[in-house]
Amino acid sequence: MTRTPYLDLPVTVEMVRSVSVPQDIEEVAKTIRVPQPDATLYACTSGSFCRGASAERELVQSVSRGSDAPAYTTSGAIIKALQALNITNIALVTPYTSDITDLLVSFLDEYGIHVVHSQSLELQGRIWEIQPDTALAAMESANTDDAEAIVVSCTNFPTFDIIAQAEGRFRKPVISANQASMWAVCGLIGERIQGSGQLAMAPFRTTVSSAITE
């Protein structure tokens, strides 16, 4: 594991774009070449969706060139997970401000994934302190009958351990950023994640996801 340079900024559109410059990410990825990884991951959801689908694919290429290994971003992993489960209509929960959430809605729409309802917590920091009850309440607020799944964005949003509980409560798949990330990167090396809801049983196919283009 390595990290991008620290930025003392609130979580805003400016901040997430600042941590996702492809050239910078490629240089950072070079630092993890030493163990010769079989797969690599850019584990920032907002940083990988904030400029749209084509920019996300550019980030994948930057991580792969830097690490010299196959790569995913968290946003790409979420798309892959939804496609594996044949889901096109979702309820969305984010810790972000509404303008960042809107960028995610647009990113998902490029892949034909429609957000039927969303819930933004409007946080600009300390996202990792969100408690399970708050997370479940946000899912409850976002959930609708026509949503085939609930997606929880942000790798700082601690929901991995309550996925099974949430799926039992809402009777539909719940896909979190960290869960999708682990599922996708494990899929690249032929492994499966354990104990993480319906996604754990979904087949991982190596075909590349593609956005809808005009």
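Looking across the range 11-20 at every residue that is touching a Leu at 6+ places or on another chain (Cβ under 9 Å) and either in a loop (DSSP other than H, G, I, E, B) or hydroxyl-bearing (Ser, Thr, Tyr) (or both), the one that is most open to solvent (accessible area, probe 1.4 Å) is identified as Ser18.
Do we find that Gly66 is under 21 Å from Tyr6 (Cβ atoms), assigned to a helix (DSSP H, G or I), within 11 Å of the chain's Cα centre (by Cα) and not charged (D, E, K, R) in this structure? So that I can check it myself, show each step before the final result.
Values: under 21 Å from Tyr6 (Cβ atoms): yes; assigned to a helix (DSSP H, G or I): yes; within 11 Å of the chain's Cα centre (by Cα): no; not charged (D, E, K, R): yes.
When the stated conditions are applied, Gly66 does not pass them.
Exactly one residue out of Ile193, Ile175, Ile189, Ile127 is of a type in the set (Val, Ile, Thr) and open to solvent by 70 Å² or more (accessible area, probe 1.4 Å): that is Ile189. The set of residues in the range 123-146 that are over 19 Å from the mean Cα position of the chain (by Cα), farther than 13 Å from Ile90 by Cα and not in a helix (DSSP H, G or I) contains only Gln131.
Under the condition of being under 17 Å from Leu121 (Cβ atoms) and not in a helix (DSSP H, G or I), the residues counted in the range 150-183 number 12.
Taken together, Ser118, Ser54 contain a single residue that is assigned to a helix (DSSP H, G or I) and either open to solvent by 10 Å² or more (accessible area, probe 1.4 Å) or modelled with pLDDT of 95 or more (or both), which is Ser54. Filter the range 26-51 down to the residues that are within 23 Å of Gly112 (Cα to Cα) and assigned to a helix (DSSP H, G or I) and list them by number. Result: Thr45, Ser46, Gly47, Ser48, Phe49.
Here Cys154 meets each of (1) free of Cβ contacts under 8 Å to residues at least 60 places away in the same chain; (2) open to solvent by less than 20 Å² (accessible area, probe 1.4 Å) with one exception, condition (1). Filtering the range 21-37 to residues that are touching a residue at least 24 places away in the same chain (Cβ under 8 Å) and open to solvent by 90 Å² or more (accessible area, probe 1.4 Å) leaves Gln23, Glu27, Arg33, Gln36. Selection of the range 1-36 for residues being among the acidic types (Asp, Glu), at pLDDT 90 or above and over 21 Å from the mean Cα position of the chain (by Cα) yields only Glu27.
The values are calculated or read from the model by the stated rules, or taken from the named source; none is laboratory data. In this text the structure is predicted, and so the values were computed from the model without any measurement. Positions of Cβ are backbone-derived with ideal geometry, glycine not excepted, and every protein chain shown enters the neighbour counts. The area values use the complete protein model at the heavy-atom level, side chains included, leaving out ligands, DNA and RNA. Shrake-Rupley method; radii C 1.70, N 1.55, O 1.52, S 1.80 Å.
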